[in-house]
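The values are calculated or read from the model by the stated rules, or taken from the named source; none is laboratory data. As the structure is a prediction and not an experimental result, all values here were calculated from the model. Note that we place each Cβ from the backbone using ideal geometry, even for glycine, and neighbour counts take in every protein chain shown. These accessible areas exclude ligands, DNA and RNA; they are computed on the full protein's heavy atoms, side chains included. Shrake-Rupley method; radii C 1.70, N 1.55, O 1.52, S 1.80 Å.
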Amino acid sequence: MMTDSNKKQTRRTTMKDIAEALQLDRTTVSKALAGKPGLAAKTRRLILETARQMGYKKDAFASSLMTGKNNILGLVLTDLTRGLFAPFVNSYQETARQEDYGVLLCNLEKSADGQAGAIMQLELLRQQRVSGITFVSNGTARIPEHYYDELLAEGIPFNIVESRSLIEGPGHIRFDHKGAGLELTRYLLGLGHRRIAFVTYSPRMHRHMTPKGRFEGYLEAMKEAGLAPITVFENQHYASTCGEEVQLAYRLLANAWESLPSPTAVIGANDAFALGALHYFKNRGISVPDDVSLAGFDDLYGEMAVPRMTSMRMPVFESGSLAARLLISRIRSGEEDKRDKLTWLDYTVTVRETTTPPKR
């Protein structure tokens with residue numbers, strides 16, 4: 001039998017309790033807990049700390065009745081097979097959880113019904129009355145622009161990560177791919193390399209800005225150094241999986257290596273390209289890094305390579321947390337934050353065992 005004491009212990013803490021404890025009105029407490037503007041920083045901190053101490057938990061159901069929306073964020077991605085955005089999903093979900101939001105994941109993989117299939121999945125998010133949506137990667141280009149306009153008209157805020165979309169209104173987060181190519185090439189130049197090859201898709205095949213930007217950074221760094229670029233291009237086939245890209249890079253080097261001007265360093269357009277190059281060099285008896293230094297991008301597989309591979313780490317994890325925080329801030333403020341119109345995130349170089357100064 002539950003005693004009065006047990007009942008008191010299990011009763012949910014309300015905003016009224018917090019207001020009475022601090023001798024404040026409920027409107028002030030509500031503003032602080034909802035993250036709305038108009039409160040002094042000291043007052044906001046006091047309310048939030050008191051709420052934490054009293055074990056306050058937001059009533060998501062009651063909130064949804066008042067606003068017509070659930071405490072749920074929609075997360076729309078188009079490339080889960082490669083694993084690149086797995087850290088993004090993890091950090092996005094964790095940040096949302098800390099702010100009492102759930103996340104509905106919508107994966108727009110390639111399908112026969114194309115745009116119609118994408119729209120159908122996105123309509124499911126709207127039916128769930130999500131509070132906001134984050135769109136990730138260039139696959140969202142299959143979504144017609146009028147769809148974004150409808151979201152804005154309905155008061156559903158959204159932001160866009162790593163996309164060439166020029167939709168007005170939301171905040172954009174992009175990775176500095178060109179800066180990454182520039183930095184990695186300069187790093188190899190700093191080691192003393194002068195014959196640096198870049199393995200990637202041909203410029204006419206650059207459907208995504210990621211390899212294009214990295215290649216442009218490489219070209220700029222080589223031009224700065226007064227050196228001729230050495231390129232190995234894929235002109236026909238765009239790989240759909242990481243495994244295909246590993247095999248693709250292997251074949252490219254097998255066909256081109258003997259005609260190249262003895263590169264002392266090779267850069268892959270991503271870690272999969274670099275792994276394909278590593279396998280080729282091993283089969284040919286070319287030592288990495290003694291004969292050829294090797295580096296890639298993304299830092300997905302660098303730790304798994306033997307030897308461990310130097311790679312430019314893409315700030316995917318950081319971008320997930322940032323996207324969630326910016327979206328939740330916009331939801332709570334009820335207005336667009338002009339400051340986060342376009343946010344650029346930089347790569348960081350992770351130096352491992354596949355790069356060293358060239359032999360004299």
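For a paramagnetic label modelled at 7 Å from the Cα of Ala228 toward its Cβ, which residues of region 184-203 fall within the zone defined by backbone nitrogen distances under 17 Å?
Within reach of a label on Ala228: 194-198.
Order of 343-355, 184-196, 253-265 by packing, highest average Cβ count within 10 Å first?
Listed from highest to lowest mean packing, they are 184-196, 343-355, 253-265.
Quick one: with all protein chains in place, what share of the accessible area of region 217-360 is carbon or sulfur, to the nearest percent (1.4 Å probe)?
Of all accessible area on region 217-360, carbon and sulfur atoms account for 52 percent.
Please list 3J(HN,Hα) in residue order for region 16-21, calculated via the Karplus relation 6.51 cos²θ - 1.76 cosθ + 1.60 where θ = phi - 60°; whole Hz, with x for glycine and proline.
Karplus values, whole Hz, x for Gly and Pro: 4, 4, 5, 4, 5, 5.
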